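> First the structure, which I've put down as structure tokens, then a few questions once you've had a look.
What follows is calculated from the coordinates using simple rules that are stated; it is not laboratory data. Since this is a predicted model, take the numbers as computed values, not measurements. Counting neighbours? That spans all protein chains shown, and the Cβs are built from the backbone with ideal geometry, glycine included.
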Amino acid sequence: MIERRTAQRRRVLKQGTLTFSGGLSADCTVRSISPNGARIEIADSVSLPKSFMLVIASDHFKRQCHAVWSSDHLIGVSFD
């Protein structure tokens, strides 16, 4: 597999929320994060819009992002 990340991710285990336009949201767990993106896990399969917000309330973290890959309940996102 070819490594395409420009910054190395560090492993974390943080509760997060994906928020979508229209006020909808989905709980998630952030498994790794870098300045450019994150790997998140969602419990339920959801249809993601083109762009959404990742919020980690405990870190006062809020970033607009989009999915770049997905597999089962894992999603790789890139921050916009």
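> Residues with beta-carbon under 13 Å from that of H66, excluding H66: net charge, scoring Lys, Arg +1 and Asp, Glu -1?
Numbers: positive: K50, R63; negative: D80.
Charge balance in the 13 Å sphere: +1.
> Neighbouring Cβ atoms within 10 Å as the yardstick, rank V68, V12 fewest first. Kindly include the intermediate steps, with their values, before the conclusion.
On the way: V68 12, V12 15.
With the sparsest Cβ surroundings first, the list reads V68, V12.
> Same structure, new question: Normalised radius of gyration for region 10-79, please: alpha carbon Rg relative to 2.2 N^0.38 Å, two decimal places.
On the way: Rg = 10.7 Å, N = 70, 2.2 N^0.38 = 11.1 Å.
In units of the globular-protein estimate, region 10-79 measures up at 0.97.
> DSSP loop (so not H, G, I, E, B), at most 16 other Cβ within 10 Å: list which chymotrypsin sites (Phe, Trp or Tyr not before Pro) in the chain pass both filters.
Values: sites: F20, F52, F61, W69, F79; in loops: F20.
Of the chymotrypsin sites (Phe, Trp or Tyr not before Pro), the ones in loops of the chain whose Cβ has at most 16 other Cβ atoms within 10 Å are F20.
> Continuing with the same structure: For a quick check of your reading of the filter: which trypsin sites (Lys or Arg not before Pro) in the chain sit in a DSSP loop and have no more than 15 other Cβ atoms within 10 Å?
R4, R5, K50
> Here's something else I'd like to know. Give me the one-decimal nm value for the distance between modelled label points at H60 and S78, 7 Å along each residue's Cα-to-Cβ direction.
3.0
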